[in-house]
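The values are calculated or read from the model by the stated rules, or taken from the named source; none is laboratory data. What you are looking at is a predicted structure, and each value in this text was computed from that prediction instead of being measured. Ideal geometry is used to build each Cβ from the backbone, glycine not excepted, and the neighbour counts take in all protein chains shown.
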Amino acid sequence: MSSHINDSYKENPPWLFNGQLQTIIPGFFRQVDGVQYSRERLELADGDFVDLDWVKQGNNKLVILLHGLEGNSTRQYMLSPAKYFAQHGWDILAFNCRSCSEEINRNFQLYYHGEVEDLKQVVDHATSDNTYNEIVLSGYSMGGAMLSKYLSVYAGRIPSEIKCGISFSAPFDLEESIKYVEMPGNFIYHKMFRSRLKKKIIQKDKQFPGRLEIDKIDNYPKWRDFDAAFSAPINGFSHVDDFYYAAACKNYLHDLDTPLLIVMAKNDPIISTTCIPMELCKRHPKIRFEITGNGGHVGYTLPGKSYNWMDLRALEFAENLI
């Protein structure tokens with residue numbers, strides 16, 4: 001495919017004049033109404049579960065939506081494409097990662113940027129009854145990284161109904177993106193992510209006493225140390241370097257054989273171009289990589305609209321491939 005500047009996003013409100021505001025204001029204050037999910041619990045092969053939120057309208061096209069770190073199907077950036085795609089003749093499946101559907105999961109393992117086995121089971125479930133002729137995966141932040149790794153790891157074995165992947169504001173290198181989250185100007189994201197993960201880790205300690213040094217949970221101001229003590233072992237890794245390697249979808253992207261749209265904003269406060277394998281994206285025949293001037297981190301507000309620019313771009317890319 002190709003790599004280029006996408007200048008079609010030009011409608012950012014003037015009062016959202018930088019990447020921080022373009023990220024924070026939609027994330028905290030935007031409301032999306034009119035999406036009525038129907039929940040299904042999918043039992044996983046290892047005895048755990050994930051909750052799937054559907055909008056079924058009898059269509060033969062399905063978009064599977066993947067949320068960001070500590071997100072879920074009710075985040076505005078998930079509700080927005082759910083509503084928009086549904087209005088344009090698609091069914092919706094919003095995938096909640098383990099522990100992200102307001103109920104803690106059963107097993108010790110949580111989820112992370114490189115966890116693709118659960119996504120595989122979700123995709124296999126969605127294709128099991130031959131309801132859908134075309135399926136698109138659309139992910140936001142962490143969700144974009146997850147689907148990109150899934151499409152790469154399972155290249156050649158992906159159900160034929162899967163037509164493409166779409167990734168917005170995704171950290172293709174988790175360790176590199178952590179450097180930006182830890183910058184002084186990003187304290188709000190640092191505090192938010194850490195506090196939410198801390199609550200879940202405390203719950204895991206109650207479920208599985210003695211497996212974590214929970215008394216030290218506030219002793220790690222640096223993300224790498226926190227991940228070494230908690231994120232890595234919870235997700236089955238003995239060393240944090242192995243965890244970061246598995247969480248970086250850039251390490252797997254060369255095997256991709258499904259069309260993939262990757263979009264990021266120049267002013268994204270969390271993800272920079274150093275988090276993206278730029279040269280690989282430029283030369284890979286299946287990747288279309290686009291950089292916008294504005295948009296922040298999964299922001300892309302359109303004033304006065306019930307949808308955002310990501311919804312427009314995702315639907316355009318998907319329907320041009322079908």
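Hey, could you check region 290-322 for residues that are out of contact with any Leu (no Cβ under 8 Å at 6 or more places or on another chain) and aromatic (Phe, Trp, Tyr) and say which is farthest from Tyr180 (Cα to Cα)?
Here the answer is Tyr307.
Restricting the first residue to region 161-176 and requiring it to be more than 19 Å from Ala314 (Cβ to Cβ) and at pLDDT 95 or above, which pairs with a second residue that is surrounded by fewer than 23 Cβ atoms within 10 Å (Cβ to Cβ) and not polar (S, T, N, Q) meet a Cβ separation below 6 Å and a spacing of at least six or different chains?
Partner pairs satisfying both residue conditions: Asp173/Lys250.
Which pairs do you get when a residue that is β-branched (Val, Ile, Thr), found in region 146-157, comes within reach of a residue that is in a loop (DSSP other than H, G, I, E, B) and modelled with pLDDT of 95 or more, reach meaning Cβ atoms under 7 angstrom, with the pair 6+ apart or on two chains?
Taking only residues 6 or more apart or on different chains, the pairs are Val153/Val116; Val153/Tyr252.
In region 254-270, is there at least one residue being assigned to a loop (DSSP other than H, G, I, E, B), of a type outside the set (Lys, Arg) and out of contact with any helix residue (DSSP H, G or I) (no Cβ under 9 Å at 6 or more places or on another chain)?
No.
Would you please name the residue that is modelled with the lowest pLDDT, looking only at residues in region 7-34 that are more than 16 Å from Ile188 (Cβ to Cβ) and crowded, with 18+ Cβ neighbours inside 10 Å?
Among them, the one singled out is Asn12.
Go over the candidates Leu137, Leu151, Leu110 one by one and state the one that is within 17 Å of Asn235 (Cα to Cα), of a type outside the set (Phe, Trp, Tyr) and within 19 Å of the chain's Cα centre (by Cα).
Just one listed residue meets the conditions, Leu110.
Scan Leu79, Leu110 and give me the residue that is surrounded by 20 or more Cβ atoms within 10 Å (Cβ to Cβ), farther than 21 Å from Glu319 by Cα and out of contact with any Asp or Glu (no Cβ under 8 Å at 6 or more places or on another chain).
That would be Leu110, the only listed residue that is surrounded by 20 or more Cβ atoms within 10 Å (Cβ to Cβ), farther than 21 Å from Glu319 by Cα and out of contact with any Asp or Glu (no Cβ under 8 Å at 6 or more places or on another chain).
Residues in region 66-78: is at least one in contact with a Lys or Arg (Cβ under 8 Å, 6 or more places away or on another chain), in contact (Cβ under 8 Å) with a residue 24 or more places away in the chain, assigned to a helix (DSSP H, G or I) and not acidic (Asp, Glu)?
yes
Kindly check whether there is at least one residue in region 182-201 that is within 22 Å of Asp255 (Cα to Cα) and part of a loop (DSSP other than H, G, I, E, B).
Scanning region 182-201, I find no residue that is within 22 Å of Asp255 (Cα to Cα) and part of a loop (DSSP other than H, G, I, E, B), so the answer is no.
Of the residues in region 126-149, how many are aromatic (Phe, Trp, Tyr) and within 11 Å of His67 (Cβ to Cβ)?
1
Can Val298 be described as part of a loop (DSSP other than H, G, I, E, B) and either on the phi < 0 side of the Ramachandran plot or at pLDDT 95 or above (or both)?
yes
Can you give me the number of residues within region 35-47 that are surrounded by fewer than 17 Cβ atoms within 10 Å (Cβ to Cβ), touching a Lys or Arg at 6+ places or on another chain (Cβ under 7 Å) and either of a type outside the set (Ser, Thr, Tyr) or farther than 30 Å from Asp124 by Cα (or both)?
Residues meeting the conditions: 1.
Counting only residues that are among the aromatic types (Phe, Trp, Tyr) and within 14 Å of Leu93 (Cβ to Cβ), how many does region 30-68 have?
Count: 2.
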